[in-house]
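So the structure is just underneath, and the comments pick up after that.
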């Protein structure tokens, strides 16, 4: 195997990496407004995430998780594509569930996302989705591997979500820190 030689001037030090980690917006995106997507994208840019991923749920997954039907996957994905084109956003729309075309457990989705995108991983969730995530038996395992950012402060907090309060905060708290 041929080696490539790189020459640099004496005393050269590489600049520190400006971007780090991945912000994953995990949602059905059924009732998500463009303003909410803008807020998430703005936060990803302000916090210097290298990747901003939108992960829309398949109809079967949303029906089992949320207990109510949602519009077809391709319609919600098209709406996300339109938002992305309008705003010129560098967001990445993950099509893992479009390929599977069936129910995908949250564990499987998170495993796929954490394997595919660079660490550290931050999961951007609505308060309802965060409480739902906390109700799963695998929540204590996942909360140690990633951090949560909630779009808004939840009215009612799941006991496990409250127990791991140090591993999550709201987007408005993020703005106050900056």
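Descriptive notes on the structure:
- Between 148, 132, the distinction of being in contact with a strand residue (DSSP E or B) (Cβ under 7 Å, 6 or more places away or on another chain) and touching a residue at least 24 places away in the same chain (Cβ under 8 Å) belongs to 148 only.
- Which listed residue is under 19 Å from residue 29 (Cβ atoms), modelled with pLDDT under 95 and touching a strand residue (DSSP E or B) at 6+ places or on another chain (Cβ under 7 Å), from 96, 117: 117
- Here the range 13-29 is the region considered, the condition is being assigned to a loop (DSSP other than H, G, I, E, B) and touching a residue at least 12 places away in the same chain (Cβ under 8 Å), and the residue that is nearest to residue 114 (Cα to Cα) is 21.
- Subset of the range 109-129 [within 17 Å of residue 154 (Cβ to Cβ) and touching a helix residue (DSSP H, G or I) at 6+ places or on another chain (Cβ under 6 Å)]: 124
- Residue within the range 124-141 that is modelled with pLDDT of 95 or more, outside any helix (DSSP H, G or I) and closer than 18 Å to residue 21 by Cβ present: yes
- Residues satisfying the stated conditions in the range 30-56, i.e. in contact (Cβ under 8 Å) with a residue 60 or more places away in the chain and assigned to a loop (DSSP other than H, G, I, E, B): 47, 49, 50
- Residue within the range 143-158 that is assigned to a helix (DSSP H, G or I) and surrounded by fewer than 17 Cβ atoms within 10 Å (Cβ to Cβ) present: no
- Residue pairs whose Cβ atoms lie under 9 Å apart, separated by 6 or more positions or on different chains, with the first residue in the range 1-12 and at pLDDT 80 or above and the second in a loop (DSSP other than H, G, I, E, B) and exposed (fewer than 10 other Cβ atoms within 10 Å of the Cβ), are 8/14.
The values are calculated or read from the model by the stated rules, or taken from the named source; none is laboratory data. Note that this is a predicted model, so its numbers are computed, not measured. We place every Cβ from the backbone using ideal geometry, glycine too, and count neighbours over all the protein chains shown.
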